[in-house]
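Below is one structure, written out as structure tokens; the observations come after it.
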Number of protein chains: 2
Amino acid sequence: MDLTALRTANPEHWTKAAAIRALTLDAIHAANSGHSGMPMGMADVATVLYEKHLKFDASAPNWPDRDRFILSAGHGSMLLYSLLYLTGNPDITLEQIKNFRQMGALTAGHPENFLASGIETTTGPLGQGISNAVGFAMAEEVQRARYGKKVVDHYTYVIAGDGCLMEGVSQEAIGLAGRHELSKLIVLWDNNNITIDGTVDIADRTDQVARFKASGWQVIEIDGHNPAAIDAALTKAKSSNKPTMIACKTHIALGHAAQDTSKGHGALTDPDQLKAAKDAYGWDHGAFEVPADVLDAWRAIGARGSADRVEWEERFAQISERKQGEFRRAYAFEAPKKLSGAIRSLKKQVSEEQPKWATRKSSEEVLKVVNPIVTETVGGSADLTGSNNTKTDDMGIFLPENRKGRYIHWGIREHGMAAAMNGMALHGGIRPYGGTFMCFTDYARPAMRLAALMKIPTVFVMTHDSIGLGEDGPTHQPVEHLAISRATPNTYVFRPADTVETAEAWEIALSTKETPSVLSLTRQGLPTVRTQHKTKNLTAQGAYVLAEGEGKRQAILIATGSEVAIAMEAKAKLEAEGIGTRVVSMPCMELFAQQEEAYRKRVLPAGAVRVGIEAAVRDGGWDRWLLGERGREAKAGFIGMSSFGASAPADELYAKFGITAEATVAKVKDLLG
Amino acid sequence: MDLTALRTANPEHWTKAAAIRALTLDAIHAANSGHSGMPMGMADVATVLYEKHLKFDASAPNWPDRDRFILSAGHGSMLLYSLLYLTGNPDITLEQIKNFRQMGALTAGHPENFLASGIETTTGPLGQGISNAVGFAMAEEVQRARYGKKVVDHYTYVIAGDGCLMEGVSQEAIGLAGRHELSKLIVLWDNNNITIDGTVDIADRTDQVARFKASGWQVIEIDGHNPAAIDAALTKAKSSNKPTMIACKTHIALGHAAQDTSKGHGALTDPDQLKAAKDAYGWDHGAFEVPADVLDAWRAIGARGSADRVEWEERFAQISERKQGEFRRAYAFEAPKKLSGAIRSLKKQVSEEQPKWATRKSSEEVLKVVNPIVTETVGGSADLTGSNNTKTDDMGIFLPENRKGRYIHWGIREHGMAAAMNGMALHGGIRPYGGTFMCFTDYARPAMRLAALMKIPTVFVMTHDSIGLGEDGPTHQPVEHLAISRATPNTYVFRPADTVETAEAWEIALSTKETPSVLSLTRQGLPTVRTQHKTKNLTAQGAYVLAEGEGKRQAILIATGSEVAIAMEAKAKLEAEGIGTRVVSMPCMELFAQQEEAYRKRVLPAGAVRVGIEAAVRDGGWDRWLLGERGREAKAGFIGMSSFGASAPADELYAKFGITAEATVAKVKDLLG
């Protein structure tokens, strides 16, 4: 392709864009891995976006009212790193660019939000960024409604590729953005017609323009290498009352021998071809070298928003101190001071009243107390509001006509919900929670993993957490889902036994700053087991002695959630036979693992057989507590599931699968020989 | 709603449809749970479909050339059970209808394919059925191309609800069906505008007609209570050269007090309202009672296809005996006799040549041998063909112009691929396999679980299976994904150590009938560890002694996949220090668990410390083998991951995370004290 016409039409633009292309080629050459084609294809779009539209101040990358830029096509990470370095981001220095994809570098293979400022979200798994962006845009709406346009008024820009649009979750995102008229969400589609396996049409012939329009978007089609067209499209997008998709026709790996081919998608490292591409750009500089005038021009772009930001700070100072404090507190994921007192009061009340609630109902009762205090929560459900018990009356429904609404009807979109919740948490100022059936962890899973990796405190409210849901049968009965979430690093899995533990779990979930929480809640009613009020949050210890053995301790029963009551029943039977039995409630294995060893040994001392009870597979992290990490700690057994469930009333299922006090007693006696 | 006009316009139709509605009401009343609204709303559509279009013979529900009917909106299971009972399915008797959702009944809460004939797939998790259907329709095309229209020529019908269409996976299915011009796929959308949380538009305003058209579908809009319109639409759909979506405007819970409301979605059990609905239908019969004339009319529909079926059998008898045998063998999931010999030859060759291949490359070499023999395989990849090594030259690409093609470019659609592969396996005659990166197990997960629940042998080829993939970083590095698949009942997780074990794993995956397989394969090269040829498939034992200790056995190293070579290196170091060390390769924990206890004890005898080595979290089923099921079996330790990975070259990551021979040696010595 002869680039002369492009170069000469707008040389100043061209040189700035060429800097991105050259840095991309150099970094990937040095790393000998990476994805060259996308940054080279989208450099023009990104340059115009940063130069003329994106509201940001490189010296203050965390300015709350900045526009957000999300690289949904995360494999093109060198586009983002180039932009950050060129505009003067304090973290992404030239040294980082040179260390692209190397141990300890902030410039990881795919952008990781927790490594450097200016990286709004972690992308790479396709479709996530565009779905996060829905949450970013919703968060902006909610915050603007609360704090006013003078404090919150910014756009969310996304670069998405063909892969993002083929992933099913993108449809969930597109539907949500269209329904909620998220007019400040602007998606730039890198329409290059290339995927790894070939041209897009070997796998898809969807008319993307028609598809977005069908869900209520404005669509603008442009040549993605024409700066004036890019500028005009962005201007038009910003004034729409709908979300906008700008279809940018681009050439992947522009100017390289691999242009417009699948090969161009990956790492272009051949030195001669690299030089030829640079020649075509008119880029006559050494590796990683950006001439001073070009760098100055980019740094001026990075400083463009400084005045805006200073003015914003002045405006922010004018809102009430209470509002300022609330705003800052929410951004810092600090729980309000009143929270723990309110939780304590509720705990005291229910330990006295001892209701027999399903823990999903317990959770609703906690939310009734919590939501008026923790004003930054935004709740919702994937079309199971009445079953997940996630809505409280004070929240209001989030809709175009009610941007103050704090409850979102996500529709039948577990994955989109989870990804958008992540986006809200990443945006800042919002603590999102959302519900579905625990079995549909499967649908939400890609986003749940990313919440853990990204170190954000998204809360997943997972009800109907075992065969205890009964007749809906094995498609709806989780057996391996506790194991799935527990196997995931940096995830708190709470399985509370009653309302007291549910309140404690929520207190932790609403106070933590860098860890997502999964609340595993029952459909079926449970007795209150925490009948003695304790001020202290015992769930924060992960596990604790709920009931001490009466005689000589011969057995320890360890149980979670709905099975704690079974453990208590088994204990009574065992004690009646003279077998001293301790019951340990273990609502959060991860927090127990974080306790000092001395505490863990006090809770689980040697010298007694141990039986774990959980209506799920043993693989869910049990053996560490049953057998000890190095083994030989105790003789132990497990009462739980080793197959899928079945469709029948819940009580019959517990009997069928042998999750009963009787089976527990038999197991203990067997172990005691 | 006054149903008089509907009743009088076509009384014969009406009565047949009313039988479905009445049985639905009665069964849900008896069970006191279930979903009434959908069967009541879609009874007219289903009646016309079964009466006038669906090719089936109730007395031979497994006739290979029957039309397939898939209830994607699986919560409306009483629609399917009513149809099966009324038409005379041998399994779904009136007794089963009366036992709806009870222990042991074939009429589970959601339809389960393995319980009764006539249930083509397990549905309930929304979006799965419509995505399975893409695989059913592809399987029909592949088989028709191979066996000719006289043997294979049938349609795939789907009833899908708003939930199915909101789930992201539906977009993947729609895109695939449109691209591949699956003209024999006909989706009947139950357009009732109601979800559990309210009207559809609280969450979505997508123009579904425009959305389907954008992906190349024919769309027909009809009144779903008008039999003539339903009939005409189905006729038109059958003659299209595109897949067809028929948008059926219906009233959920037609004729009931809860009609057109969210309440109508669930269990309608109020006796007075039930009676009022039956009155409105003109249905004056006792609970579960279907008058003889109505039942006769339905049974005649069930017998309608008998002659067709007999003629088909005659046509089938005319194809060559070889073809007949192949057809039957593939339907029975029987591996061809030649397979094991071919695998043995390959094993012998590679144990001599000892290549240093990544196991993804090993897998490709196995497929080169296998695909010409196992002619029923259909392979593919979610846009990672060159990385997953899933394509062999003989397969041809499946496209409208090449229906004999056995390789599918699924696009960036892991979930849709997995669900469609399940559909192919369920259709019969096809053994599907498909690849993606192992980390994207997360995306495919809902369908992977269903493969296990449905007892079908879908093969998931998961490459890039650890931090060994290097620079792409933690978004792409699985650490918990072995644990996820191992925690799932009825799933074989193979993590082969070299080409020999890869060949053995494939042999099992291609021979098994009721269990899906996950092949966990490396990106990085590995040495051949099985250097002594054994005819026997050692992987079939799950674990075996790869190398015996030379001196007195003090340690057993248990490893999988890429870490077996590390175990061998550690063994050499330990033996050099006089510590007799056995190495156990454990390519499939599930198969090891199925061996007799005596074998397991021979492989893992007491009296030695044990160290497990796997570049993944310990939660992945390890403790059973390290510590013993009841504990106290051995002192043990684990070398693996306990956090997410990082972006850097693979060797550096193994060192950083301490997965090395040196660390293994240190752990053994520590345990030996």
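Where does the stretch B:332-520 land on Rg(C-alpha)/(2.2 N^0.38 Å)?
The stretch B:332-520 yields a ratio of 0.95.
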Size-normalised alpha-carbon gyration radius of the stretch A:374-459, reference 2.2 N^0.38 Å: 1.01
Signed unit charges on C-beta, dipole axis of the stretch B:332-520, positive-most listed residue B:Tyr433, B:Ile373, B:Ile484: B:Ile373
Pairwise label distance in nanometres, A:Ser59 with A:Ser240, each label 7 Å out on the Cα-Cβ vector: 3.5
In the stretch B:90-192, the trypsin sites (Lys or Arg not before Pro) that fall in loop regions by DSSP, at most 13 other Cβ within 10 Å: B:Lys149
Assigned charges on the beta-carbon of Lys, Arg, Asp, Glu; the stretch A:332-520 dipole about Cα centre (debye): 560
More than 41 Å apart - percent of Cα-Cα pairs taken over the protein assembly as shown: 48
For the stretch A:3-310, Kirkwood radius (reciprocal of mean inverse C-alpha pair distance, Å): 19.1
Net charge dipole size for the protein assembly as shown [Lys, Arg +1 and Asp, Glu -1 on Cβ; Debye, nearest 20]: 2140
Isotropic mean projected area of the C-alpha convex hull, the stretch B:542-672 (nm²): 7.6
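For the stretch A:501-585, state which GluC sites (Glu not before Pro) are in a DSSP loop and have at most 14 other beta carbons lying within 10 Å of their beta carbon.
Loop-located and lightly packed - A:Glu514, A:Glu548, A:Glu577.
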Neighbour cut-off at most 10 other Cβ (10 Å), DSSP loop, GluC sites (Glu not before Pro), the stretch B:594-669: B:Glu596
Beta bridges by DSSP in chain A, antiparallel share as percent, to the nearest 5: 10
DSSP bridge pairs, the stretch B:111-249: antiparallel proportion in percent, nearest 5: 10
Cα centroid separation, the stretch B:377-436 to the stretch A:72-94 (Å): 37
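Which of the three applies to the stretch B:148-306, rounded, prolate or oblate, going by the alpha-carbon gyration tensor with a ≥ b ≥ c and a/c under 1.5 meaning rounded?
oblate
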Copy-to-copy label separations for B:Pro291, where each label sits 7 Å from Cα toward Cβ, in nm and ascending: 9.3
Cα centroid separation, the stretch B:550-621 to the stretch A:617-671 (Å): 27
Rounded to 5, the percent of DSSP beta bridges in the protein assembly as shown classed as antiparallel: 10
Nearest-first distances (nm) between copies at A:Ala655, label 7 Å from Cα via Cβ: 6.3
Over the stretch A:332-520, relative contact order from alpha-carbon pairs under 8 Å, at least 6 apart, %: 25
Radius of gyration and Dmax over the Cα atoms of the stretch A:12-144, both given in Å: 14.1, 45
Per-bin percent of Cα-Cα distances, the stretch A:222-266 [10 Å]: 27, 36, 25, 11, 0
Partners for A:Lys573 among lysines (Cα-Cα distance below 30 Å; same-chain residues under 8 apart left out): A:Lys347, A:Lys348, A:Lys356, A:Lys361, A:Lys534, A:Lys536, A:Lys552, A:Lys601, A:Lys635, A:Lys656, A:Lys667, A:Lys669
Estimated FRET transfer efficiency when R0 is 45 angstrom, pair A:Glu334-A:Asp670 (beta carbons, to 0.05): 0.35
Other-copy label distances relative to A:Lys513, 7 angstrom Cα-Cβ extension, nm: 5.9
Positive-end residue, the stretch B:305-385 charge dipole about Cα centroid, Cβ charges, pick of B:Ala317, B:Ala332, B:Ala342: B:Ala342
Calculated diffusion of chain A, Stokes-Einstein form, Kirkwood radius summed over Cα pairs, 20 °C and 1.002 mPa s, µm²/s: 80
Selection from A:Val142, A:Ser77, A:Met417, by position along the positive dipole direction of chain A (Cβ): A:Val142
Helix B:441-454 axis, angle to chain B major axis (alpha carbon atoms, nearest 10°): 70
In nm, spacing of pseudo-spin labels at A:Ser643 and A:Gln532 (7 Å Cα→C-beta vector): 4.2
Computed FRET value (nearest 0.05) for A:Glu514 with B:Glu313, which takes r as the C-beta separation and R₀ as 51 Å: 0.20
Charge dipole magnitude, Cβ of K and R +1, D and E -1 - chain A, Cα centre, debye nearest 20: 1900
Footprinting exposure proxy for B:Val45, A:Val583 (fewest neighbouring C-beta atoms within 10 Å first): A:Val583, B:Val45
Cα-based radius of gyration of the stretch B:479-575 once divided by 2.2 N^0.38 Å, which approximates compact folds: 1.15
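Computed from the coordinates by the stated procedures, all read-outs in this text should not be read as laboratory data. Keep in mind the model is a prediction, meaning the values are calculated, not measured. As a convention, Cβ positions derive from the backbone with ideal geometry for all residues, glycine included, and neighbour counts pool all protein chains shown.
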